[in-house]
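> Dropping the structure in here first, questions after.
A short reminder: the numbers here are calculations on the coordinates, not readings from a lab. Note that the structure is a prediction, hence the values are computed from the model and not measured. Ideal geometry is used to build each Cβ from the backbone, glycine not excepted, and the neighbour counts take in all protein chains shown.
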Amino acid sequence: MSLLVLCEFRARTGGEAEFVRVARALASAAATEPGTLRYQWFTTQKPGHYSIIEEYVDADAAETHNNHVASLLREVFAVAELVSVSFFGELNPYLREWISGREGVAVNVPL
């Protein structure tokens, strides 16, 4: 079963242009990953807020993605705050550790 991830970010004051640049670089990098099914950024109605839909063949593919783009993710977190993240699907140990102690995380598993 695939893993769907929905995230919302808020760009820090003065960081929007850099956030958009890095978000586009992330999308470009994800386009070549065999386990990434969807990776699409959106602007929201709230100024400075952005959302992303990520879909992977499984949690291991999401882990591979995060490792592949680790330097870009560090850049994103330097200019934006993760507001919320929702997972839909089974998590692997890497993702369970990643969410440990993090606020604004929802995990939804299949019935």
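> Could you give each residue of segment 98-111 its phi-based ³J(HN,Hα) in whole Hz, using Karplus coefficients 6.51, -1.76, 1.60 with θ = phi - 60°, and x for Gly or Pro?
4, 7, 4, x, 8, 8, x, 10, 10, 10, 10, 10, x, 6
> Next up: Would you list Tyr39, Tyr94, Tyr56 from fewest to most Cβ contacts within 10 Å?
In increasing order of surrounding Cβ atoms, one gets Tyr94, Tyr39, Tyr56.
> Next up: In the chain, if the dipole is taken from +1 on Lys/Arg beta carbons and -1 on Asp/Glu beta carbons about the Cα centre, which of Cys7, Tyr56, Ser100 is farthest to the positive end?
Projecting each Cα onto the dipole axis, the largest value belongs to Cys7.
> In addition: Work from the charge dipole of the chain (Cβ charges, +1 for Lys and Arg, -1 for Asp and Glu, about the Cα centre) and give the residue of Phe88, Leu73, Thr36 farthest towards its positive end.
Leu73
> Another one. May I ask what percent, to the nearest 5, of DSSP beta bridges between residues of segment 3-108 are antiparallel?
Counting DSSP beta bridges with both partners in segment 3-108, the antiparallel share is about 85 percent.
> Using alpha carbons only, how many degrees (0 to 90, rounded to 10) separate the axis of helix 70-79 from the longest principal axis of the chain?
40 degrees
> Let's see if you can work this out: charge +1 on each Lys and Arg Cβ, -1 on each Asp and Glu Cβ, no other charges. What is the dipole magnitude of the chain about its Cα centre, in debye to the nearest 20?
Taking the Cα centre of the chain as origin, the dipole is about 360 debye.
> For the chain, find the longest principal axis of its Cα atoms and tell me its angle to the long axis of helix 16-30, 0 to 90°, nearest 10.
Once rounded, the angle reads 30 degrees.
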